[in-house]
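In what follows, a structure is listed as structure tokens, so that the remarks can point back to it.
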Amino acid sequence: MIGRRRNTCMTLPATTYDLVLMLDPQTEESVRAKIVADAREAIAAKGELERHDEWGERALAYPIDHKTTAEYHLLQFHVSAVELIAELNRTLHITDGVIRFRINKLKPGTPAAPDMRPGAAPVREEPSHGRDEVELGAPEEHAVA
């Protein structure tokens, strides 16, 4: 029929999120491992865990609750159900051993997170070719005949 639209249902791809966990290094190792395992299980139950990077113990930019270091973890995952984000937010707020956490929604096309593990090779940026490489200096003088 002319002029009528067909009802087509397109499913959108699942949204990608980053969860950065900052755990208290003075908390027992078994408790820290359980916090990470519980977060992974919650994600796997309602979404898809894409990657988990253990960044190790790092200095904080400023003290939090008189602590100067934290054990960092990055969990990147896909999820369609927004309930998971609320569940993680609620659970991590009341969990002892979590210094801070942040859940970020990634825009489509966001590049992959760099390898921040201790001892990993530093990321080297390739030099760009083009207008950014113009040598700044005194302009050349041209003789006009």
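The values are calculated or read from the model by the stated rules, or taken from the named source; none is laboratory data. Treat the numbers as computed from the prediction; the structure is a model and nothing was measured. Neighbour counts are summed over all protein chains in view; Cβ atoms, including those assigned to glycine, are modelled from backbone coordinates with ideal geometry.
Evaluation of residue 94 against the conditions (1) exposed (fewer than 13 other Cβ atoms within 10 Å of the Cβ); (2) at pLDDT below 95; (3) β-branched (Val, Ile, Thr) shows that the sole unmet condition is (2).
Of all the residues in segment 28-61, those that are surrounded by fewer than 16 Cβ atoms within 10 Å (Cβ to Cβ) and among the β-branched types (Val, Ile, Thr) number 1.
When residue 80 is tested against the conditions (1) touching a Lys or Arg at 6+ places or on another chain (Cβ under 9 Å); (2) polar (S, T, N, Q); (3) free of Cβ contacts under 8 Å to residues at least 24 places away in the same chain, the lone failure is (3). Of the residues screened, residue 37 is not one that is small (Gly, Ala, Ser) and more than 24 Å from residue 112 (Cα to Cα).
When the residues of segment 62-91 are narrowed to those that are among the charged types (D, E, K, R) and surrounded by 11 or more Cβ atoms within 10 Å (Cβ to Cβ), which ends up farthest from residue 42 (Cα to Cα)? Among those residues, the one meeting the criterion is 67. All told, residue 64 meets the bar of being modelled with pLDDT under 95 and closer than 19 Å to residue 97 by Cα. Just give me the residues in segment 99-137 being modelled with pLDDT of 95 or more and either exposed (fewer than 12 other Cβ atoms within 10 Å of the Cβ) or over 18 Å from residue 76 (Cβ atoms) (or both), in sequence order. Correct list: 99, 102.
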